[in-house]
2 protein chains.
Amino acid sequence: MAICCFPSPLKPITPATPLTNLKPKRPGILRCNFSLPTITTTEPEPVFTSVSCFAPATVANLGPGFDFLGCAVDGLGDFVSLRVDPSVHPGELSISNISGPKKLSKNPLYNCAGIAAIATMKMLNIRSVGLSLSLEKGLPLGSGLGSSAASAAAAAVAVNELFGRKLEVKDLVLAGLESEAKVSGYHADNIAPAIMGGFVLIRSYDPLELMSLQFPVEKDLIFVLVSPDFEAPTKKMRAALPAEIGMPHHVWNCSQAGAFVASVLKGDLVGLGKALSSDKIVEPKRAPLIPGMEGVKKAALEAGAFGCTISGAGPTAVAVVDSEERGVEIGERMVETFWKEGNLNAVASVKRLDRAGARLVGSVPR
Amino acid sequence: MAICCFPSPLKPITPATPLTNLKPKRPGILRCNFSLPTITTTEPEPVFTSVSCFAPATVANLGPGFDFLGCAVDGLGDFVSLRVDPSVHPGELSISNISGPKKLSKNPLYNCAGIAAIATMKMLNIRSVGLSLSLEKGLPLGSGLGSSAASAAAAAVAVNELFGRKLEVKDLVLAGLESEAKVSGYHADNIAPAIMGGFVLIRSYDPLELMSLQFPVEKDLIFVLVSPDFEAPTKKMRAALPAEIGMPHHVWNCSQAGAFVASVLKGDLVGLGKALSSDKIVEPKRAPLIPGMEGVKKAALEAGAFGCTISGAGPTAVAVVDSEERGVEIGERMVETFWKEGNLNAVASVKRLDRAGARLVGSVPR
């Protein structure tokens, strides 16, 4: 378990600053102009000509872990390729290509990967090298699987790898948070596990403190992720949250959060699933807004899942189990139920816990 | 970590049923007449003529663990001696002696130890043997150190030991809960650690589920318990609790509860202390009702305590640290501050975590 403790230079922004308020002076190519601290005193040189990095999907909230627990899921995620580009002005970043949803902007200040990459360059004090970034989206937008965080995590790690890993994990999370704050609100429950892997508990924001919770390596943890063809309106999902919570429900959710953490550390999958299913505050308000969700949870549990809830703010449903084979069966039941009870097409993925987080997957030496 | 899972035969009672409503037909000696299940099918015979048992003090709430976390403290507690007494009607219990506060009743139905002992006899189906119980109070009443739970725990364990340990820990907690429900409300965060030792998380009441959280055996955990000469009015302490909690404070306390659990399991004393100090919901409302408490917490932290909060509903203040020597110094500062800022005399105890819970300390074979 790692505990990272350092002062946050960022002021929490809730809700996220609208992107339309950001007016870059030179659209397309931008200097590092954030208020993040410079971590390296001397400017490092690139150790690669280019790198390619992957960052995984993440499941935030995790039932009673609303707004402070998240985990990473292997085999789903985004790729960022980054190269030294003499045609880009030194100290600047250009986005050369995005494969995936057409609606993503190539303007670095309008793009999750761009914002995180620039924040990381700022921390590294990069002034003499221009970079080109290419983003390959593997995650759908607005699915509740941490799509923006995956792009940001891959980009921050790519910049750090290109310049010889000068930054620590905590710095990379801060750089990623810079992006999350502008896109979906100042919350670290996606970006932290996307970078760190495994389960992460956000202990505080001011200063930012993160606890990595290690699920025992000898045990399997399988996620069944079922994404319906439905747009969960973020505003509506947030508006559904109660402003005030009665003491009994508060105590209940707190105890379940404690039980969740204990189950993760112990590798108790039954206990983990039970805690995942136990939220009495957020899920009961949000589930009715996703057609079929309540039936899907019931179907997952009846089919043998240890637990099931909404991933992030939805619409993806997440269930946990201990074998891929059973995960496939459970996924089929969940897809069927989204169709029967919600009249929605859905796709299922059966994936393992990602323990590594965002990482280098390819490089070209100088 | 043990997980006990079984249906509770008891209906939660909040607030506690007033003792004045209980009208025993034969005051002083009472049959087992609770609705607890009989666990043993055949009536066991006593394996001792008499036994003596100890049960430790407990610290409930533990900051963000309000109403669902508690732990046991060694070296402070109550003793119960129990003997086969042919002069007591078979199947009945008499309280022969109580050393300590004069206001405790010898009527078993009005006494924590009596209620728990009778509940345990009922579970064991004891009909052929009469018992005499003697209670030695080591804990002051109303101190926030689980005085009633210690008496109940020692009594339940004494009955079970006398008849050859036929019941499991879970049954003993249920018997103890029978007592707590009548005396201070249906809550297990004192009785469960008093019986089980260590840290216990109350996961649910219906069915009752308890999680034992093991603090690593190779690490020391020292409690500084400072009890001022002040009666914390239970009604006032409960009335001070907010009925509704804003979402930010809910998320904060949930995350701290998770961090507390992780710190216990990892043996991270700094993290544990920090979480202990972090409650934003209950402590801020209750501390001002105990003269000097806010200053005492500050003094404890300044003197090097890792964390400090109110024990149970108070008035005892509890701080944690890693050495007895430093614990003594911290205790002195806390006592001074109770006097300076609260005009209260106070006494300090420096104790270790009790890992064993209620236990046999003496016996006379048949």
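The values are calculated or read from the model by the stated rules, or taken from the named source; none is laboratory data. Quantities reported herein were computed from a predicted structural model and do not represent experimental measurements. Virtual Cβ from ideal backbone geometry, glycine too; neighbours counted across all protein chains shown. Heavy atoms of the whole protein, side chains included, go into the accessibility calculation; ligands, DNA and RNA do not. Shrake-Rupley method; radii C 1.70, N 1.55, O 1.52, S 1.80 Å.
Details
- Failed condition for A:SER349, given (1) of a type outside the set (D, E, K, R); (2) touching a helix residue (DSSP H, G or I) at 6+ places or on another chain (Cβ under 9 Å); (3) assigned to a helix (DSSP H, G or I); (4) buried (at least 16 other Cβ atoms within 10 Å of the Cβ): (3)
- The set of residues from region A:199-218 being in contact with an Asp or Glu (Cβ under 8 Å, 6 or more places away or on another chain) and not β-branched (Val, Ile, Thr) comprises just one member, A:ARG203.
- Any hit, region A:269-289, residues being touching a His at 6+ places or on another chain (Cβ under 6 Å) and charged (D, E, K, R): yes
- Filtered residues of region B:126-159 (kept if closer than 24 Å to B:PRO46 by Cβ and outside any helix (DSSP H, G or I)): B:ILE126, B:ARG127, B:SER128, B:VAL129, B:GLY130, B:LEU131, B:SER132, B:LEU133, B:SER134, B:LEU135, B:GLU136
- Candidate set: region B:228-246, residues that are out of contact with any Ser or Thr (no Cβ under 9 Å at 6 or more places or on another chain) and assigned to a helix (DSSP H, G or I); chosen: the one nearest to the other protein chains (Cβ to nearest Cβ): B:ARG238
- When A:GLU218, A:GLU209 are screened for being at pLDDT 90 or above and either within 14 Å of chain B (Cβ to nearest Cβ) or buried (at least 23 other Cβ atoms within 10 Å of the Cβ) (or both), only A:GLU209 passes.
- Restricting attention to region A:132-160, the residues that are farther than 11 Å from A:ALA55 by Cα and crowded, with 24+ Cβ neighbours inside 10 Å total 6.
- Subset of region A:287-304 [within 22 Å of A:PRO248 (Cβ to Cβ) and open to solvent by less than 10 Å² (accessible area, probe 1.4 Å)]: A:ALA287
- Reported count of residues in region A:85-98, each being over 13 Å from A:ALA117 (Cβ atoms), touching a residue at least 60 places away in the same chain (Cβ under 8 Å) and open to solvent by less than 70 Å² (accessible area, probe 1.4 Å), is 0.
- Among the residues of region B:47-75, those that are crowded, with 24+ Cβ neighbours inside 10 Å, in contact with a Leu (Cβ under 9 Å, 6 or more places away or on another chain), under 30 Å from B:PHE306 (Cα atoms) and away from chain A (no Cβ under 14 Å) comprise B:PHE54, B:PRO56, B:ALA57, B:THR58, B:VAL59, B:ALA72, B:VAL73.
- Restricting region A:352-366 to residues that are in contact with a strand residue (DSSP E or B) (Cβ under 7 Å, 6 or more places away or on another chain) and either open to solvent by 30 Å² or more (accessible area, probe 1.4 Å) or among the aromatic types (Phe, Trp, Tyr) (or both) leaves a set whose member that is farthest from A:VAL169 (Cα to Cα) is A:ARG366.
- Flag for A:LEU167 being touching a residue at least 60 places away in the same chain (Cβ under 8 Å), more than 12 Å from chain B (Cβ to nearest Cβ) and open to solvent by 10 Å² or more (accessible area, probe 1.4 Å): yes
- Scan of region B:301-310 for residues that are within 15 Å of B:LEU272 (Cα to Cα) and small (Gly, Ala, Ser), ordered by number: B:GLY304, B:ALA305, B:GLY307
Here's the yes/no breakdown for (1) of a type in the set (A, V, I, L, M); (2) open to solvent by 10 Å² or more (accessible area, probe 1.4 Å); (3) under 30 Å from B:ASP220 (Cα atoms):
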residue	(1), (2), (3)
B:LEU82	yes, no, no
B:GLY100	no, yes, no
B:LEU109	yes, yes, no
B:GLY130	no, no, no
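- Residue selected from region A:179-194 under the condition in a helix (DSSP H, G or I) and open to solvent by 10 Å² or more (accessible area, probe 1.4 Å), by the criterion modelled with the lowest pLDDT: A:VAL183
- All told, B:LEU344 meets the bar of being in a loop (DSSP other than H, G, I, E, B) and in contact with a Phe, Trp or Tyr (Cβ under 6 Å, 6 or more places away or on another chain).
- The sole residue among A:LEU201, A:LEU225 that is surrounded by 20 or more Cβ atoms within 10 Å (Cβ to Cβ), modelled with pLDDT of 95 or more and within 11 Å of another protein chain (Cβ to nearest Cβ) is A:LEU201.
- Residues within region A:247-276 that are surrounded by fewer than 24 Cβ atoms within 10 Å (Cβ to Cβ), in contact with an Asp or Glu (Cβ under 7 Å, 6 or more places away or on another chain) and facing chain B (nearest Cβ under 7 Å), tallied: 1
- For region B:291-325, a tally of residues being under 21 Å from the mean Cα position of the chain (by Cα) and in a loop (DSSP other than H, G, I, E, B) returns 6.
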